[in-house]
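Everything on this sheet refers to the single structure shown next.
The values are calculated or read from the model by the stated rules, or taken from the named source; none is laboratory data. In this text, all values refer to a predicted model and were calculated from it rather than measured experimentally. Here the Cβ positions follow ideal geometry from the backbone for every residue, glycine too, while neighbour counts run over all protein chains shown.
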Amino acid sequence: MCSIQRHFLYPAGLQVAPDRKIYIASNLQTAISVINNPDVYGAGCNLSIGTVDLGGKQSATTLPAYIASFFDVSNHINFTNSFIDCHVQFNGTTDLAGSLTWNWDFGDGTLGNGQVVNHSYRQVGTYNVTLKVRSSSAACSFLITDSFTITKPVTINNVFAVDYYHNAACVNQPVQFNDNTILTVGNITARTWNFDDGSPTTNTLNPVHTFTNPGVYNVKLLISTSGICNADSMIKQISIDTRPSTVFTPINGCINLPIQFTDNSIMPQVL
């Protein structure tokens with residue numbers, strides 16, 4: 001490691017730059033020094049005193065704060081993927097600091113967020129999966145952000161995607177549910193619907209269910225299989241609203257004269 005203490009009479013601040021060199025700012029100096037080869041031990045580090053002229057200005061004991069990775073052309077993120085019951089678990093990794101956000105594009109028109117996410121593909125094939133990580137850090141009372149993106153192909157050979165459709169409805173009206181699960185290996189051995197309203201579960205393929213109270217229900221479809229895919233489920237939030245009450249009041253009138261109609265309809269409260 002370079003010995004720089006004997007070269008500076010005042011405290012000095014060091015900062016790694018995009019060119020991988022270390023720049024040294026010493027208090028009340030008109031030039032900045034450079035360690036040209038910081039990875040080389042001893043004199044080989046090539047310390048150069050006062051090589052960056054400040055044009056008549058003087059340095060302090062520090063250099064401007066910034067997120068070093070912002071100027072770094074190398075990529076600081078990566079992700080791995082593993083297959084669990086025929087769906088894919090993606091796990092993002094990074095050496096970025098600060099507050100992080102994770103955004104995924106699974107290559108099939110769907111998006112996700114979070115460092116660890118699970119995704120089910122509906123068709124076999126190769127998908128270009130993109131991960132974007134955004135880092136935010138505070139420096140000198142300013143918020144500095146930085147982002148990196150990586151794209152890798154992921155090949156899907158077996159598909160087990162639990163899904164269902166439903167039609168919107170009001171309270172005390174039948175709701176049609178349709179199983180839309182896709183399975184390419186094995187067969188479906190069990191199917192369970194849970195409507196989250198205290199009613200019994202059912203194993204009907206495409207059940208019709210009536211909710212007797214307005215609210216938001218987490219309806220779950222659980223599928224078990226006989227193949228290498230074990231079991232998986234899908235939960236969707238179903239909003240059941242009260243029915244609107246439609247009433248209008250006419251005012252008696254005469255032929256060929258306008259008649260006033262007043263709308264007294266009551267709209268349901270939005271949940």
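The set of residues from segment 81-99 being surrounded by 18 or more Cβ atoms within 10 Å (Cβ to Cβ) and touching a Cys at 6+ places or on another chain (Cβ under 9 Å) comprises Cys86, His87. Here Asp232 meets the list (1) in a loop (DSSP other than H, G, I, E, B); (2) acidic (Asp, Glu); (3) at pLDDT below 95 almost entirely, failing just condition (1). Taken residue by residue, segment 79-87 has no member that is at pLDDT below 90, more than 30 Å from Thr184 (Cα to Cα) and not in a strand (DSSP E or B).
Looking across segment 94-115 at every residue that is among the small types (Gly, Ala, Ser) and not in a loop (DSSP other than H, G, I, E, B), the one that is nearest to Asn128 (Cα to Cα) is identified as Gly112. The residue list Ala190, Ala168 contains one member that is in contact (Cβ under 8 Å) with a residue 24 or more places away in the chain, of a type in the set (Gly, Ala, Ser) and within 29 Å of Val124 (Cα to Cα), which is Ala190.
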